[in-house]
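Trainee: Dropping the structure in here first, questions after.
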Amino acid sequence: MNSSFTRPLAVVTGASNGIGYELAKQFAQNGFDLLVTGTGASINEAAQAFKDLGAQVETVQADLATYDGVETLYNQIKAIDRPVDAIAINAGVGVSGDFARETDLKDELNLINLNVVSSVHLAKRVVKDMVDRGKGRILFTSSIAALMPGPFETVYAASKAFVHSFSEGLRSELKDTGVTVTALMPGPTDTNFFQRADMDDTKVGADKKDDPAEVAKQGFDALMAGKDQIIAGSLKTKILGTVSKVLPDTVSAELHRKLSEPGSAN
């Protein structure tokens, strides 16, 4: 890739599967070329699907939970010598279980490094370039979990609350720069998130979930419209997200607990 290409360029992290994969497809279907990242070789398989939609695609295998992983991605962004028109900072992970008695500190610190630290790190690198250019769009994948305490997903929910607050604060800072910031806030979505987070025995893990393609389409449309946030997914998710904004934290925590407590699927 180089600056002679006329199509806009989008960067999507966590694009091997799930919402990130569907976001990359949205960009490809809407005339963007892509730089996509994942931790393993499966990102190359995903890239072929994006190429089949007409996009020029570059891939980066990097662990964004590490400082060097984020720098590897940013170095590749600079190396392809094209301005980033849009970036979806989407890569994330969940950890489920009793914080005091079950979960592993290393897993939770890794979650914070990926969900929080890498989001700030990558935004710090890319936003300056966008501001200097006077143009750009940033999409952060948060969650409706950002709107409520998350018993048995305590660190995950807190990380998404950070991403949501960071997105809204950054948006305000950038309001006169030509750069927009949008927070994508899905509910339970049919991806490998729940299996990876060891949540198969929870009510939320066992219940019907939203279509990641629908979530990504709503997120992409909100990004292109310059909206500050979008609660994405089914009507049920939109209602849950809206109600969570007004309920007392003690009440919403109990509602979340009924969904996420280990064994609640039984």
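The values are calculated or read from the model by the stated rules, or taken from the named source; none is laboratory data. Bear in mind that the values here come from a model prediction, so they are computed numbers and not experimental data. Reconstructed Cβ throughout: ideal geometry from the backbone, glycine too, with neighbour counts over all protein chains shown. All accessible areas refer to the heavy atoms of the entire protein, side chains included, with ligands and DNA or RNA removed. Shrake-Rupley method; radii C 1.70, N 1.55, O 1.52, S 1.80 Å.
Trainee: Give the aspartates and glutamates whose C-alpha is closer than 19 Å to that of residue 217, dropping any in the same chain fewer than 8 places away, or say none.
Mentor: Straight-distance partners of residue 217: 22, 33, 52, 85, 190, 228.
Trainee: Sticking with this one: Skipping prolines and chain starts, which residues have an amide H placed within reach, meaning under 5 Å, of the one on residue 189, given they are 5 or more residues away or on another chain?
Mentor: It is 210, by chain and number.
Trainee: Kindly list the residues of the range 139-155 that lie in the label zone of residue 192, defined by a backbone N under 19 Å from the point 7 Å along the Cα-to-C-beta vector.
Mentor: none
Trainee: Quick check: from the Cα gyration tensor, does the chain come out rounded (a/c under 1.5), prolate or oblate?
Mentor: prolate
Trainee: Among 258, 245, what's the order by accessible area (1.4 angstrom probe), most exposed first?
Mentor: Result, largest first: 258, 245.
Trainee: 7 Å from Cα along Cα→Cβ at both residue 99 and residue 81: what's the point-to-point distance in nm?
Mentor: Rounded to a tenth, the inter-label distance reads 5.0 nm.
Trainee: In the chain, what percent of the accessible surface is made up of carbon and sulfur (1.4 Å probe, ligands and nucleic acids excluded)?
Mentor: Carbon plus sulfur share of accessible area: 50 percent.
Trainee: Compute the accessible area per residue over the range 18-96, keeping the other protein chains in place, probe 1.4 Å, unit Å².
Mentor: Value for the range 18-96: 38 Å² per residue.
Trainee: Hey, another quick one. Which value in deg cm²/dmol, rounded to the nearest 500, describes the helix-derived mean residue ellipticity at 222 nm for the chain, given -39,500 (n - 2.57) per DSSP H run of n ≥ 4 and division by the residue count?
Mentor: -14000 deg cm²/dmol
Trainee: Net charge within 14 Å of residue 202 by Cβ-Cβ distance, Lys/Arg positive one each and Asp/Glu negative one each, not counting residue 202 itself?
Mentor: Result for the neighbourhood of residue 202: -2.
Trainee: What size of dipole, in debye to the nearest 20, comes out for the chain about its Cα centre when the only charges are +1 on Lys and Arg C-beta atoms and -1 on Asp and Glu C-beta atoms?
Mentor: 780 debye
Trainee: How would the range 67-182 be classified by its alpha-carbon gyration tensor: rounded, prolate or oblate, with rounded meaning a/c under 1.5 and the a/b versus b/c comparison settling the rest?
Mentor: Oblate.
Trainee: Just to confirm, what accessible area per residue do you get for the range 103-228 at 1.4 Å probe, in whole Å²?
Mentor: 44 Å²
Trainee: Can you flag which of 25/106; 106/160; 160/258 are past 22 Å Cα-Cα?
Mentor: Violating the 22 Å limit, Cα to Cα: 25/106.
Trainee: Still on this structure, please answer the following. Straight-line reach from residue 128: which lysines have a Cα under 21 Å away, not including same-chain ones fewer than 8 places off?
Mentor: Candidates past the 8-residue exclusion: 78, 175, 227.
Trainee: Ok, one more. For the range 190-266 and the range 53-128, compute the distance between their C-alpha centroids and round to whole Å.
Mentor: 21 Å
Trainee: What is the mean projected area of the alpha carbon convex hull for the range 192-266, to one decimal in square nanometres?
Mentor: Here the figure is 5.8 nm², rounded to one decimal.
Trainee: Shifting gears a bit: Taking the 0 to 90 degree range and rounding to the nearest ten, how far is the long axis of helix 212-225 tilted relative to the main principal axis of the chain, both from C-alpha atoms?
Mentor: Around 60 degrees separate the two axes.
Trainee: Here's another thing I want to ask about it. May I ask for the angle, rounded to the nearest 10°, between helix 118-133 and the longest principal axis of the chain, with both axes built from Cα atoms and the value confined to 0 to 90°?
Mentor: Value to nearest ten degrees: 30.
Trainee: In whole Hz, what ³J(HN,Hα) sequence does the range 173-180 give by Karplus (6.51, -1.76, 1.60; θ = phi - 60°), x for Gly and Pro?
Mentor: 4, 9, 4, 10, 9, x, 10, 10
Trainee: Once you sort the root eigenvalues of the Cα gyration tensor of the range 1-154 as a ≥ b ≥ c, which label holds: rounded (a/c under 1.5), prolate (a/b larger than b/c) or oblate (the other case)?
Mentor: Verdict is prolate for the range 1-154.
Trainee: Going toward the positive end of the dipole of the chain, with +1 on Lys and Arg Cβ and -1 on Asp and Glu Cβ, which of 105, 145, 56 do you reach last?
Mentor: Checked the options; the winner is 56.
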